[in-house]
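Below is one structure, written out as structure tokens; comments come after it.
The values are calculated or read from the model by the stated rules, or taken from the named source; none is laboratory data. Remember, predicted model here, so these are calculated numbers, not experimental data. Here Cβ is always computed from backbone atoms with ideal geometry, including for glycine, and neighbour counts include all displayed protein chains.
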Amino acid sequence: MASYKICKIAIFASGGGSNAREIIKYFRSNKSIVVALVVTNNAKAGVIQIAENAGIPVAIIDKKQWANPQKIISILKTHEIGLIVLAGFLLLIPPFLIDLYKDRIINIHPSLLPKYGGKGMYGHFVHEAVKNSGDAISGITIHLVNENYDDGKILYQHSCVINKEMTTEEIAAAVLQLEHKYYASVIENYVSFKGLSS
């Protein structure tokens, strides 16, 4: 029987989980890349139900618990996690995790970095800044995570045309379409390119 090199993914999310849902769906029948865990800092996050519906274990880790490296590491080791994927996760990843998972933490940001990145720039704050700037394009950036917000090596960017008549919500919807369309395939390509496994 053939043996597969398997990379198990943990999705970190703080909110509704639409990106997590698309990633779970994308890898559902993949034998070499498996979503093995969902981690959230929000006990009321919609992503919990998405994970439970898909039969994926959930770890709820509140902000205080993030100060306990051994607890976090133990959970990730138990589930044999080889790659961490951030999907609307609002806490800064602690240095111990960046060291342990060097070049194995991926994030998606709803703008064309380096524009509109940094602390406090997430979700509607990003789209409001884009609208107020009068920019003709927005888009997504998929990047590796380092110790600073939105500062790691860029893996992929994709743009969409916007105009001054669009509302913040319409810009957000256009960017979210790109997130759903491209995030999972970029993750797959990165895992394949790096030969990652758990």
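Here are some notes:
- Residue among Ile61, Ile73, Ile23 that is of a type in the set (A, V, I, L, M) and touching a Lys or Arg at 6+ places or on another chain (Cβ under 8 Å): Ile61
- Scope the stretch 98-125; condition outside any loop (DSSP other than H, G, I, E, B) and surrounded by fewer than 21 Cβ atoms within 10 Å (Cβ to Cβ); matching residues: Ile98, Asp99, Leu100, Gly123, His124, Phe125
- Top-ranked residue of the stretch 1-27 - restricted to ones that are modelled with pLDDT under 95 and over 18 Å from Gly88 (Cα atoms), ranked as surrounded by the most Cβ atoms within 10 Å (Cβ to Cβ): Ile6
- Residue that is farthest from the chain's Cα centre (by Cα), among those in the stretch 19-36 that are among the hydrophobic types (A, V, I, L, M, F, W, C) and part of a helix (DSSP H, G or I): Ile24
- Among (1) of a type in the set (Lys, Arg); (2) modelled with pLDDT of 95 or more; (3) more than 22 Å from Glu22 (Cβ to Cβ), the one test that Lys119 misses: (2)
- Tally, over the stretch 126-181, of residues that are surrounded by fewer than 15 Cβ atoms within 10 Å (Cβ to Cβ), assigned to a helix (DSSP H, G or I) and among the polar types (S, T, N, Q): 3
- Residue under evaluation Ile75, criteria (1) free of Cβ contacts under 8 Å to residues at least 40 places away in the same chain; (2) more than 22 Å from Lys44 (Cα to Cα); (3) among the β-branched types (Val, Ile, Thr), criterion not met: (2)
- If you go through the stretch 22-80 and pick out every residue that is charged (D, E, K, R) and within 21 Å of Leu97 (Cα to Cα), you end up with 6.
- One residue stands out among those in the stretch 182-198 that are in a helix (DSSP H, G or I) and of a type in the set (Gly, Ala, Ser): the one that is surrounded by the most Cβ atoms within 10 Å (Cβ to Cβ), which is Ala184.
- Any chance Ser74 is of a type in the set (Gly, Ala, Ser) and more than 27 Å from Gln177 (Cα to Cα): yes
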